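The values are calculated or read from the model by the stated rules, or taken from the named source; none is laboratory data. These numbers come from a predicted model, not from an experiment. Cβ coordinates were reconstructed from backbone atoms using ideal geometry, including for glycine residues, and neighbour counts include every protein chain displayed. The protein model used for the area step is the full one, side chains on, heavy atoms only, and it has no ligands, DNA or RNA in it. Shrake-Rupley method; radii C 1.70, N 1.55, O 1.52, S 1.80 Å.
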Amino acid sequence: MTNPSKPTFFVSTPIYYVNAMPHLGTAYSTTACDTIARWKRMDGFDTFFLTGVDEHGQKVAESAVAHGMTPQAWVDSIAPGFQETWKALNISNDDFIRTTDERHVRGVQKFLQLLYDKGYLYKGSYEGWYCVHEETYYAESDLEKNEEGEFVCPDCKRPVQKASGEENWFFKLSEFQDQLLAYYDEHPDFICPDTRRNEVLSFVRGGLKDLSISRTTFDWGIPLPFDKGHVTYVWFDALLNYITAIGYGGTPEEEAHFERFWPADVHMVGKDIIRFHCVIWPAMLMAAGLPLPKKVFAHGFLLTKGEKMSKSKGNAVSPQDLCAVFGVDAYRYYFMSDVQIGNDGSISLERMVQVYNSDLANRWGNLCSRVFNMCGKYFDGKVPQFPESQATAPNPLKDMAAGLYTRYRDCMDAIDYSGAMAAVGELCTRANLYVEESAPWNLAKSPETSDQLAAVIYNSLEAIRIMACFYAPFMPATSAEALRRLGLQDPAAIDDIQEVSSWGGLPAGNAVDKGEALFPRLNIDDIHLGDM
Ligand code: MSP
């Protein structure tokens, strides 16, 4: 349910081709969006988080043939696998769009008709090359040659197909060059990070060609409303998911929902699809007279042994395989904190175990176990009252926690997940040190230090409470569990984190449940997985 009194935040993943099941690369985009969506909800935004699947196009049609199925039967068999994987990763998407949904087809046709009526589409003949794997047109000058002397795609290196004289409809993309350049100039944060912005700027400055937006050589796509023998080019169809899913072209209520959430705050995409999102998509919206998304953020690739990880290269361990070993939260934490999101990131099992043990088992999990246990031992499992006598004593955890909200929020606004996790991690390290240096086990020996003991345990529990809140967008289940053990609500229900995370919110007297280790230590020798 949307809440009209709150500001809105709309974040989207790319919609994934259903030629294969999700893998670590696609799960990475989705987890990144989930993390930001969960944070924005906690920070008081009426958040809409969209993901889905891209079901049309030649690549998907060919996968269907390879599996002896009709395209519709094929996409129907694959799409649920995405929904199940996202459920398994605790992804909190508000909607899941399939481009075969009736609502999408209707919106795409409305949009095409609008552009046709406005004179932005014309019929012509396409001479050039097409890569089915990338679903992208290439000029001959863009291509490379393989050892056999065949032209291959510069991106995926697969042989390309010659399209000669195919009658297509074209979108007048070339007319938007100046408008796009002006827009990039006026909105320096539209394309992030800067490397991608520069890449797009130089591409557009080099001049834009009109884009073929329809095909007649196969029929797995959305028919053009004004020329039914043509189906819409898969990218032109796919990009429109961002508006059709939220209500564009729908009933008056759906349109109102669209008006409320559009323009998107962040389109999260991989760096390989930046031109579609930063050149073609904004030009389409300009042609339709619709506002442009506020930000397109391009993440890098996950690399294993120096190579891009992908299902087709066969070097993909599934997200579920890793979750079975590490647990969902540790899986999410590793990818979000250890990979610098704007860059390519090398991932390995060794590193994953190392991060798990150092950050989660030894630091965060250990802190919770120790403090919950001591609360059990010294205070009968009840949060102690913070003693008046200790009000002016030095309180390093309170001091550190005071700046956490602002620092964390600034990192999240800049889509710097590692920075946000470093901020919480520093408090966690400090809290472990605080327990060491305060030595509650010594304070417990004499009634004269009982106030100090109560203060140390209260402060440690309170720091845990606050950290659990800030860990929640990354590790929702273990944060909920840590808070449950403190007798508190699920962080998914929080919508005023600034208030909730202010010091002193932990009620004295709450029953504290010791529980099992949140992150039991792992030994790499006990882990048997495929190549990663
Ligand atoms: N269907 C299009 C997107 C349309 S959006 C309107 C598409 N689909 S995809 O399934 O091929 O890729 C989706 C996303 O997954 C891309 O952003 C891509 O960068 C990302 N990844 C695929 N492999 C990846 C890695 N190895 N690492 C990180 N992300 C990568 O493109």
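Of these, TRP86, TRP129, which one is crowded, with 17+ Cβ neighbours inside 10 Å and farther than 24 Å from TRP220 by Cβ?
Values: TRP129 fails: farther than 24 Å from TRP220 by Cβ.
Exactly one residue qualifies, and that residue is TRP86.
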Open to solvent by less than 20 Å² (accessible area, probe 1.4 Å), more than 22 Å from GLN452 (Cβ to Cβ) and not acidic (Asp, Glu): does that describe LEU360?
yes
Of everything in the range 364-390 that's open to solvent by 10 Å² or more (accessible area, probe 1.4 Å) and farther than 16 Å from ALA454 by Cα, which residue is nearest to the chain's Cα centre (by Cα)?
ASN366
Out of (1) within 28 Å of TYR356 (Cβ to Cβ); (2) touching a residue at least 60 places away in the same chain (Cβ under 8 Å), the odd one out for ASP451 is which?
(1)
Checking ASP76 against (1) more than 13 Å from the ligand (Cβ to nearest atom); (2) open to solvent by less than 30 Å² (accessible area, probe 1.4 Å); (3) over 30 Å from ALA283 (Cα atoms), the condition it does not meet:
(2)
At pLDDT below 95 and part of a helix (DSSP H, G or I) - does that describe any residue in the range 330-348?
no
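Go over the candidates SER438, SER450 one by one and state the one that is more than 39 Å from the chain's Cα centre (by Cα) and open to solvent by 40 Å² or more (accessible area, probe 1.4 Å). Give the steps one after another, and end with the answer.
Values: SER438 fails: open to solvent by 40 Å² or more (accessible area, probe 1.4 Å).
From the options SER438, SER450, the qualifying one is SER450.
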Residue, nearest to the ligand (Cβ to nearest atom), within the range 5-31, restricted to residues that are part of a loop (DSSP other than H, G, I, E, B) and not aliphatic (A, V, I, L, M):
PRO14
So which helices (runs of 4 or more DSSP H) stay within the range 57-175 end to end and still have 2 or more residues that are of a type outside the set (A, V, I, L, M) and at pLDDT below 95?
58-66
Taking first residues from the range 475-492 that are under 11 Å from ASP329 (Cα atoms) and touching a residue at least 12 places away in the same chain (Cβ under 8 Å) and second residues anywhere that are of a type in the set (Phe, Trp, Tyr) and not in a helix (DSSP H, G or I), the pairs with Cβ under 8 Å that are 6 or more apart or on different chains are THR478/PHE519
List the number of the failed condition for PHE474; all other conditions in (1) loosely packed, with under 14 Cβ neighbours inside 10 Å; (2) within 24 Å of MET352 (Cβ to Cβ); (3) within 30 Å of the chain's Cα centre (by Cα); (4) not β-branched (Val, Ile, Thr) hold.
(1)
Give the residues of the range 155-183 that are within 13 Å of PRO282 (Cβ to Cβ), under 28 Å from the mean Cα position of the chain (by Cα) and free of Cβ contacts under 8 Å to residues at least 60 places away in the same chain, sorted by residue number.
LEU181
How many residues are closer than 19 Å to LEU453 by Cβ, free of Cβ contacts under 8 Å to residues at least 60 places away in the same chain and not β-branched (Val, Ile, Thr) if we restrict to the range 391-429?
3
Just checking: which of the strands (runs of 3 or more DSSP E) contained wholly in the range 203-321 hold 1 or more residues that are surrounded by fewer than 23 Cβ atoms within 10 Å (Cβ to Cβ) and within 13 Å of the ligand (Cβ to nearest atom)?
266-270, 302-304
Can you tell me which condition GLU135 does not meet? The list is (1) open to solvent by 40 Å² or more (accessible area, probe 1.4 Å); (2) within 16 Å of the ligand (Cβ to nearest atom), and all the others hold.
(1)
Given the residues THR35, THR47, THR51, which is the only one that is in a strand (DSSP E or B) and away from the ligand (no atom under 14 Å from the Cβ)?
THR47
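Among the residues of the range 509-519, which ones are touching a helix residue (DSSP H, G or I) at 6+ places or on another chain (Cβ under 7 Å), open to solvent by less than 80 Å² (accessible area, probe 1.4 Å) and not small (Gly, Ala, Ser)? Walk me through it before giving the result.
Of the residues in the range 509-519, the ones touching a helix residue (DSSP H, G or I) at 6+ places or on another chain (Cβ under 7 Å) are 512-515, 517-519.
The next check asks that each one be open to solvent by less than 80 Å² (accessible area, probe 1.4 Å); those that pass are 512-513, 515, 517-519.
VAL512, ASP513, LEU518, PHE519 - these are the residues of the range 509-519 that are touching a helix residue (DSSP H, G or I) at 6+ places or on another chain (Cβ under 7 Å), open to solvent by less than 80 Å² (accessible area, probe 1.4 Å) and not small (Gly, Ala, Ser).
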Under 6 Å between Cβ atoms, which residue pairs at least 6 apart in sequence (or on different chains) link something in the range 356-378 that is assigned to a helix (DSSP H, G or I) with a partner that is of a type in the set (Ser, Thr, Tyr)?
VAL371/SER460
What number of residues within the range 1-32 satisfy the criterion of being open to solvent by less than 10 Å² (accessible area, probe 1.4 Å) and aromatic (Phe, Trp, Tyr)?
2
